[in-house]
Amino acid sequence: NGSSNMAKEDDRDKDSRGMAIKLFSTDSMHLNNVDNSPIQQDFLAHNSPAFFSINLEDYNQLVESDNKIAYFFPSYNPFKWRLRELSHVIDTLAPPPYSPLWDEYFSNTAYKLGEHNIKFMIKSCSTPVKQPHSELTDPHFLSNTLVSELASDSACMQFYVQLQDPSKLMPIEDPSVLWDKEDSPFIPVATLTILKQHFNSPEQQQFCENLSFSPWNSLEQHRPIGALNRVRQFVYQASSDYRHKQNKTEVPSQLEW
């Protein structure tokens, strides 16, 4: 869940949600990059297909605004209304899925794929399960449902990429513009199998808490692009440093996986 208030977090609330994948190199010839640290490739994804701000200035104004209505409707002039951004905020603050496995997750921002520019998406290999949210009473039902699902069987998710077509409206610097699937359909490139497991032990939960993800944990051929991604390089590192300092822990090394 995206809520910053962990003490009052409730899975039943409308909220932004995300997932992340971390890959480590298994080739001893290529374990180290230019600064002599282990090679990692992280993929961070979000449950809304487009970001809710045009650029960093827009994002800061939204976060700092005491009157969100005035932010989206700053004047009587309809040409100055931020309707696209408002639509994405509504999409982002979505009702919860039945399970984290049954949501769709998007990169929002763009990345390199060799010579190409892409965005990516991750979703279940099968049709999402529907569940009436009005019947939910467990504030931690997302994690508890996932515990139950993976205790009984493995899960399958598909990884897709969407190639930028420079002749279409598919900008890099404005992540609030949705890349139209009619202009460039998502192409499946990998299947992710999450093995049957019991992952909610205190030791595993603490290991998870000690991890650190960043779009800049990346190979050069898959590096993030665009202004918002460049800012994330510093924000994510500062966030990780602060969290680990407060927890008096370190990020696990590759050998601990």
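The figures follow:
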read-out	value
Dipole magnitude of the chain about its Cα centre (Cβ charges: Lys, Arg +1; Asp, Glu -1), debye to nearest 20	220
Relative contact order for the range 111-252, counting Cα pairs under 8 Å that sit 6 or more residues apart, in percent	28
Kirkwood Rh, angstrom, the range 192-257 [1 / mean 1/r, Cα pairs]	14.0
Interatomic Cα distance distribution for the range 167-216, bins of 5 angstrom, percent	4, 12, 11, 13, 14, 12, 11, 13, 7, 2, 0
For the range 132-257, accessible area per residue (1.4 Å probe, heavy atoms of protein chains only), Å²	64
Partnerless Cys - the chain, beta-carbon criterion under 4.7 Å	C208
Inter-label distance for H222 and T191, nm, one decimal - labels placed 7 Å from Cα along Cα-to-Cβ	1.9
Mean separation of Cα contacts under 8 Å (6+ apart) over length of the chain, as relative contact order %	22
N67/T249 FRET efficiency (R0 35 Å; Cβ-Cβ; nearest 0.05)	0.35
Computed over the chain, Kirkwood Rh from alpha-carbon pairs, angstrom	20.2
Histogram of C-alpha separations across the range 130-257, 5 Å bin width, %	2, 8, 10, 13, 15, 17, 16, 13, 5, 1, 0
Listed pairs K14/K119; K80/K168; K8/K248; K14/K245 exceeding 27 Å between Cα atoms	K14/K245
Space enclosed by the convex hull of the alpha-carbon atoms of the range 46-112, per residue, Å³	112
Proximal aspartates and glutamates to K68, defined as alpha-carbon separation beneath 17 angstrom and excluding residues fewer than eight positions away on the same chain	D15, E57, D58, E85, D91
Heavy-atom accessible surface of the chain: percent carbon and sulfur, 1.4 Å	55
Computed [θ] at 222 nm, helices only, for the chain once each DSSP H run of length n ≥ 4 contributes -39500 (n - 2.57)	-8000 deg cm²/dmol
D153-K80 FRET efficiency (beta carbon distance; Förster radius 35 Å; 0.05 resolution)	0.10
Highest-first arrangement of 77-83, 120-126, where packing means the average Cβ count within 10 Å	120-126, 77-83
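The values are calculated or read from the model by the stated rules, or taken from the named source; none is laboratory data. It should be emphasised that the depicted structure is a prediction, and the values quoted were computed from it without experimental measurement. Virtual Cβ from ideal backbone geometry, glycine too; neighbours counted across all protein chains shown. Side chains are part of the model used for accessible areas, which takes the heavy atoms of the whole protein and leaves out ligands, DNA and RNA. Shrake-Rupley method; radii C 1.70, N 1.55, O 1.52, S 1.80 Å.
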